[in-house]
């Protein structure tokens, strides 16, 4: 089905998750997962962080304005929302992962990698907790990790012949 | 920060949401939102549907195997999970949107469009319910729609100078 003219410009720009502590989450999504922080927008009560993988190896050549524009116009952007104060509030209950009641609905985000054995071995070495390791369960070709808030991060092979 | 060799192949492949009725959700995400169904995988208890925008106008030239591969390897894929039976179960409570307690955590997915006035006028004409219309609230440059399960779908302008 060809795209209609009315939706021809549309892109799946981003997915938004709330996070308790941006320092912890930004470390996870940049150092461990490999995304880059493109831009952040601070408001009085909350701050938004926009991250993406540098799939075209071009982020280094962009200035701040161009990076902010990239965050708005491309696909595959992750928006993390930090409501100020949650990181140091002893009464903060944490966010629901979306995978159990009540709150079930959202499932996960997924990262495609070229060598899933190598990628998962590295994640394990870096101490990332797993919901399901590659070797566990029925499906030996995918893994589920937990991000710092407990959201599920699936790891899938991007090469053909996954299953 | 350049990408490390260890994460150089990584992409933000997909976001998964559970849906009550795939007929209703597929109609929403294809006819109204403009995505294409790339592939589906049926299991005994559930079916997975993988959708994406045909941003490179190439889906028509792909066979089923190539479309399935595309769903695994590109960014911007939406995975809808249908647990068989929810669509006709009078006791099914529905899924949490992630935007109120309990279950708060997941926020929304966002569609970037080139002409947000025109896009939102069309969505309104098609009867899509809005959480926040373009003209409502403080931020006049974004809108929030509700998908058939009540998940928030943000509409954002992809052109520079959004705010």
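Throughout, read-outs are computed from the coordinates displayed, never taken from laboratory work. Here the structure is a predicted model, which means the values were calculated and not measured. Backbone-built Cβ (ideal geometry, glycine too); neighbour counts: all protein chains shown.
Ordered shortest first, which distances in nm separate the 7 Å Cα→C-beta label point of residue A:129 from those of the other copies?
The projected label point of residue A:129 is separated from its counterparts by 3.5 nm.
Would you mind calculating the gained length between residue A:56 and residue A:114 on full extension (0.36 nm times residue separation, minus the Cα-Cα distance), in nm to one decimal?
Going from the current span to full extension adds 19.3 nm.
What shape does the range A:14-88 have by the C-alpha gyration tensor, where a ≥ b ≥ c are the square roots of the eigenvalues, rounded means a/c under 1.5, and otherwise prolate means a/b greater than b/c and oblate the rest?
On the way: a/c = 2.12, a/b = 1.57, b/c = 1.36.
Cα axes put the range A:14-88 in the prolate bin.
Counting other C-beta atoms within 10 Å, which of A:18, B:122 has the fewest, and how do the rest follow?
Numbers: A:18 22, B:122 15.
If I rank by nearby Cβ atoms, fewest first, I get B:122, A:18.
Considering only B:111, B:142, B:33, give the residue with the highest GNM mean-square fluctuation for chain B, with springs between Cα atoms whenever their separation is below 10 Å.
Maximum fluctuation in the GNM of chain B, among the listed residues, is at B:111.
What is the Cα convex hull volume of the range A:1-147 when expressed per residue in Å³? It would help to have the intermediate numbers written out before the result.
Working: hull volume 27.9 nm³, N = 147.
So the per-residue Cα hull volume is 190 Å³.
Can you pull the Kirkwood radius for the protein assembly as shown, inverse mean 1/r over Cα pairs, to one decimal in Å?
On the way: mean 1/r = 0.0496 Å⁻¹.
Evaluated over the protein assembly as shown, this radius sits at 20.1 Å.
Rank these for me by crowding, B:139, B:35, going from fewest to most other beta carbons within 10 Å.
B:139, B:35
Compute the label-point distances linking residue A:67 to its equivalents in the other copies; points lie 7 Å from Cα along Cα→Cβ; give nm, one decimal, shortest first.
The projected label point of residue A:67 is separated from its counterparts by 3.9 nm.
Looking only at the protein assembly as shown, where both bridge partners belong to it, what percent of the DSSP beta bridges are antiparallel (to the nearest 5)? Intermediate values should be presented prior to the final figure.
Details: 48 of 73 bridges.
Taking every DSSP beta bridge within the protein assembly as shown, about 65 percent pair in antiparallel fashion.
Thinking of the range B:108-157 as a set of Cα atoms, what percent of all their pairs are more than 18 Å apart?
Everything past 18 Å amounts to 17 percent.
With the contact rule set at Cα under 8 Å and sequence spacing of 6 or more, what percent relative contact order holds for chain B?
Working: 250 pairs, mean separation 35.7, N = 163.
22 percent.
How high is the relative contact order of the range B:108-157, given as a whole-number percent (alpha carbon pairs under 8 Å, six or more residues apart)? Mind dumping the intermediate values first?
Values: 80 pairs, mean separation 23.1, N = 50.
Result for the range B:108-157 is 46 percent.
How well do other chains shield peptide A:73-82, expressed as the mean number of their Cβ atoms within 10 Å of each residue Cβ? Intermediate results must be reported in sequence, preceding the final value.
Values: counts 8, 5, 10, 9, 5, 2, 5, 1, 2, 0.
Per residue, the number of nearby Cβ atoms from other chains is 5 on average.
With respect to the symmetry axis carrying chain A onto chain B, which residue of chain A exhibits the smallest Cβ distance to that axis, and what is the value in whole Å?
Nearest Cβ to that rotation axis, in whole Å: A:103, 1.
Using a ≥ b ≥ c from the Cα gyration tensor of the range B:10-57 (square roots of the eigenvalues), is it rounded, prolate or oblate, where a/c under 1.5 gives rounded and otherwise the larger of a/b and b/c decides, a/b for prolate? Show your work: numbers first, answer last.
Details: a/c = 1.96, a/b = 1.22, b/c = 1.61.
Oblate, since a/c reaches 1.5 and b/c is not below a/b.
Measure out, as a whole number of angstrom, how far apart the alpha-carbon centroids of the range A:85-152 and the range B:87-156 sit.
26 Å
Based on other C-beta atoms within 10 Å, arrange B:73, B:88, B:25 from fewest to most. Show your work: numbers first, answer last.
Values: B:73 18, B:88 9, B:25 23.
Sorted ascending by nearby Cβ count, the order is B:88, B:73, B:25.
Can you work out the FRET efficiency for the pair residue A:4 and residue B:146, with r the C-beta to C-beta distance and R0 = 30 Å, to the nearest 0.05?
Details: r = 22 Å, r/R0 = 0.73.
For residue A:4 and residue B:146, the calculated efficiency is 0.85.
What does the C-alpha gyration tensor say about the overall shape of the range A:64-163? Classify as rounded when a/c is under 1.5, otherwise prolate if a/b is larger than b/c, or oblate. Please report the intermediate quantities before stating the final value.
On the way: a/c = 1.91, a/b = 1.22, b/c = 1.57.
Verdict is oblate for the range A:64-163.
Average partner chain C-beta neighbours within 10 Å, per residue of A:54-61?
That works out to 3 on average.
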